[in-house]
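Below is one structure, written out as structure tokens, with a few remarks after it.
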Amino acid sequence: IHQTGTTKVDILFVVDNSNSMSEEQTVLTDQIVVMAQELINPATEGAPAVQDMHIGIVTTDMGTGGYTIQTCSNPMGGDSGVLQNINAIGQSHCLDTYSATDCDRSNCPWLNHSVDNPDDGSDPENAPIWEDFGCVATLGTGGCGFEQQLEASLSALTLQSGPGMPNEGFVREDSLLAIIYVTDEDDCSTGNAEFFNPARNEQYGTLNVRCALNPEELYPISRYHDAFVDLRGGNQDRVVVAAITGVPIDGSWNPGDPIERLEELQQVNPSNPNELLRSCDTAMGAAYPPVRIAELVYAFDTNGILESICRNDWSAALQAITNKIQDKLGGVCVGRPLASTGADACRVIETL
């Protein structure tokens, strides 16, 4: 049973800013236009247009529990899930910072497009939202090599979105929520600070392989699934979770295959015990099996989209994510069982 659709969508991009992501960030910033234009002015017949859209960007850097590790410049929390709105690498055509134009606070670190405040390129004095996105999402590659993609998204949407916090106002109660991960490594979200202690090699293994070898030290996937669903009043149908990540493109594993088979690919390299075997190694660079990220996508069933970061053209991946968002904008299912009186026919009215 479908409820009336919404024309609001809040999209959170979680973009890996570690040392291996230069090419991937470039592709994302070049091709995000595929998604933004289709959402604002759909070319697909019958697809709903987004009337009010927020786009936020966070990094995968959540620090290393206070331990000093190379590439992790802020071990006490990293970027902590705070939305990024700075022209990070100094492109000359970009503004220094970006904030939502329809926000009544002095600084709202997200991009927005709405009917009242269009950001679709119709104003020659104002670059469209997809160009602004490119200025922010080119985050650079100085971020922590211990990516905590899932914890970064949770922090962004809960802790950092609370009253008086930096992301307050980004997520609206009546919007469709879309979370999109762009990363070439698997998630390493943990609450155990000692897990990042360089002196714990004997207990956990070398730093580069710890996350894969010690899944019991990482937060359960249910932590993120349940929290995201709770943000939409318990209705999973109002959440889209997508990932452009290290899915193999050689057929050794494909989206829809059992997670267990992907786990089998996540092995230490026998010729170098300090690194994992790669899931793909292309002109885009190396990527690694995304076991935990794929598990979260799978948890959202048909609302999950899993695509490969190893391709040099992401237009099909971004179109697939866009199609899923459009599908959910058109109406979502009642998120709970309905009582029955045994009648042959009934009418359900839900007041939101």
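The values are calculated or read from the model by the stated rules, or taken from the named source; none is laboratory data. This is a predicted model, so every value here is computed, not measured. So basically every Cβ, Gly included, is an ideal-geometry build from the backbone, and we count neighbours across all protein chains shown. When the accessible area is computed, the model is the full protein with side chains, heavy atoms only, and any ligands, DNA or RNA have been set aside. Shrake-Rupley method; radii C 1.70, N 1.55, O 1.52, S 1.80 Å.
Per the Cα gyration tensor, segment 1-128 maps to an equivalent ellipsoid with semi-axes of 30, 18, 16 Å, ordered largest to smallest.
The sum of -39500 (n - 2.57) across all DSSP H runs of n ≥ 4, divided by the residue count of the chain, sets its helix-only mean residue ellipticity at 222 nm to -7000 deg cm²/dmol. Projected onto its three principal axes, the C-alpha set of segment 51-201 covers 56, 36, 27 Å, listed from the longest axis down.
Roughly how many percent of the accessible protein surface of segment 79-139 is carbon and sulfur, given a 1.4 Å probe and a whole-percent answer? Reported share for carbon and sulfur atoms: 45 percent.
At a probe radius of 1.4 angstrom, the accessible area of segment 44-111 per residue rounds to 49 square angstrom. When both bridge partners sit in the chain, DSSP labels roughly 30% of those beta bridges antiparallel. Its residue count N sets the reference 2.2 N^0.38 Å, and the alpha-carbon radius of gyration of segment 173-243 equals 1.42 times that reference. Taking all protein chains into account, the per residue accessible area for segment 180-294 stands at 42 Å² (1.4 Å probe).
Counted over all Cα-Cα pairs of segment 165-293, pairs farther apart than 20 Å make up 55 percent. Remark: segment 67-109 is approximated by an ellipsoid whose semi-axes, taken from the C-alpha gyration tensor as √(5λ), come to 26, 16, 5 Å, largest first. Heavy-atom surface analysis with a 1.4 Å probe gives segment 233-274 a carbon and sulfur content of 44 percent of its accessible area.
With the whole protein complex present, residue 224 retains an accessible surface near 0 Å², based on a 1.4 Å probe.
Highest mean packing comes first when the peptides 241-247, 150-156, 19-25 are listed by Cβ atoms within 10 Å, giving 241-247, 150-156, 19-25. Computed on segment 210-270, the Cα convex hull volume stands at 121 Å³ per residue. In this rough spin-label picture, where each label sits 7 Å from Cα along the Cβ direction, the residue 123-residue 41 distance is 1.7 nm. Can you give me the orientation-averaged projected area of the convex hull built on the Cα atoms of segment 112-209, in nm²? One quarter of the hull surface, i.e. the mean projection, equals 9.2 nm². For residue 18, the residues 5 or more places off, or on other chains, whose built amide H falls under 5 Å of its own are 143.
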